1. Please give the charge dipole size of the stretch 158-217, origin at the Cα centre, charges +1 on K and R Cβ atoms and -1 on D and E Cβ atoms. Round to the nearest 20 debye.
2. Rank these for me by crowding, TRP228, TRP97, going from fewest to most other beta carbons within 10 Å.
3. Label 7 Å along Cα→Cβ of LEU147; the stretch 25-66 residues with amide nitrogen under 15 Å?
4. Rounded, prolate or oblate: which fits the stretch 205-250 when a ≥ b ≥ c are the square roots of the eigenvalues of the alpha-carbon gyration tensor, with rounded for a/c under 1.5 and prolate only if a/b beats b/c?
5. Residues with amide H under 5 Å of ARG251's amide H, sequence separation 5 or more or different chain, H placed in the peptide plane at 1.01 Å from N; which?
6. Tell me, ARG196, ARG251, ARG140, ARG6 in order of fewest to most beta-carbon neighbours within 10 Å?
7. Arrange the following residues from fewest to most other Cβ atoms within 10 Å of their Cβ: LEU231, LEU98, LEU243, LEU120.
8. Hey, got the dipole for the stretch 23-107? About the Cα centre, +1 on K and R Cβ, -1 on D and E Cβ, debye to the nearest 20?
Amino acid sequence: MSSILRQLVDYHVHSFHSTDGHSSIDDMCSQAVRLGLAEIGFCDHVDFTSNGLGLIDYERYSEELDKARSQYGGELTIRKGIEVDYNRTYHAQIDEWLDEKHFDFLLGSVHYVDDFIFDLGRKPGMSAETMIRKYYTRVRDAVESKLFNVIGHFDIIRGYIPTDQDPISLASDIIDSTFESMIANGVYLEINSWRRTDREPFPCKDLIQRYLKKEGKLFSLGSDAHSWQQLAIGIIQVRDLLLNLKPRNMRMLFEQVPNLP
Ligand SMILES: [Zn+2]
Ligand SMILES: [Zn+2]
C-alpha cells in the first residue's frame with residue numbers, strides 16, 4: 001500500500017480566507033489533530049471571474065499558516081495551497097498573480113461555464129450536452145495551462161447538470177485527452193469526497209477506472225470542507241474506493257518515495 005494511505009490526509013480544505021469558508025485555519029487544524037489526520041492542505045479560492053469568489057489576501061494567509069505551523073508542527077503537517085478557478089480568459093491575470101508567491105500545491109478547478117456558475121443548474125438556453133462539453137474543455141485548458149499540480153473535483157458538473165444520457169459518453173473524447181495530458185504532464189487527479197459518505201466522489205468510480213486504464217498513477221484526496229465540522233468527511237470512503245480499484249504503482253501528492261514495482 002502506498003505509505004501515505006496508511007495515514008489520513010485531507011488536501012482540499014477551505015478557511016475564512018475564502019468568502020464561502022466558515023472556519024479559521026486554527027479551527028481546521030485543531031479539528032485535524034482531534035481526528036488524527038497526518039496532513040491537512042488548505043486551498044482557499046482564487047477566482048478572477050466577475051461576481052466570483054474573489055482572491056485571498058496572500059500576506060494574511062501566509063502569516064496565519066505560518067502561525068498554525070509553529071503551533072501544530074509537531075503533530076500535523078500543514079500544506080499551503082490554493083484552488084484557482086481556471087479560465088483561459090484570465091490566464092495572464094492568474095499567471096501574474098502567482099508571480100513571487102509561494103505555495104506547496106496549486107489546485108486547478110472549474111466552477112463556471114461561460115461565466116455562468118453551474119451550481120445554479122443549466123444556463124438558460126444552453127443544452128446539457130453543450131454545458132458538459134464546455135465544462136470539460138475548460139478542465140482540459142486548466143491542465144494544458146501547466147499552472148497546476150492537481151485538478152480538483154474532475155467531474156463536478158455531474159452533480160449539477162442532470163442528463164438523460166451518460167454524462168461521460170457526452171464528453172468521452174475530451175475526458176480521454178484531458179487524462180492523457182495530465183499523465184504526460186505529471187498532474188495529480190484529486191478524488192473529492194464532497195463532504196459526504198453516501199455517494200460517489202468527484203470523479204466517479206468509472207472515471208477513476210478510466211484514468212487507471214490509461215496508467216494514471218497520481219492521486220490526491222480531499223473533502224472540500226468549508227467548516228471544521230466538515231473536515232475529512234468521506235476521506236476514508238474515497239481512500240478505500242481507490243484501494244479497491246487496485247491501482248498499480250500509485251503515488252499520492254507529497255509522497256516523496258516512489259513505490260517499488
Ligand atoms: Zn471547487
Ligand atoms: Zn474547494
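1. The dipole magnitude comes to about 280 debye.
2. Values: TRP228 20, TRP97 17.
Least to most surrounded, the residues fall as TRP97, TRP228.
3. 44-50, 52-56
4. Prolate shape, in that a/c is at least 1.5 and a/b is the bigger ratio.
5. LEU218, PHE219
6. Arranged by neighbour count, lowest to highest, ARG196, ARG251, ARG140, ARG6 become ARG6, ARG196, ARG251, ARG140.
7. LEU120, LEU243, LEU98, LEU231
8. Working: 8 positive and 18 negative charges, 53 e Å.
For this selection, approximately 260 debye.
None of the figures in this text is laboratory data; all of them are computed from the coordinates on show. Just so we're clear, the structure is a prediction, and the values are computed from it rather than from any experiment. Here the Cβ is made from the backbone with ideal geometry for all residues, glycine too, and neighbour counts use every protein chain on show.
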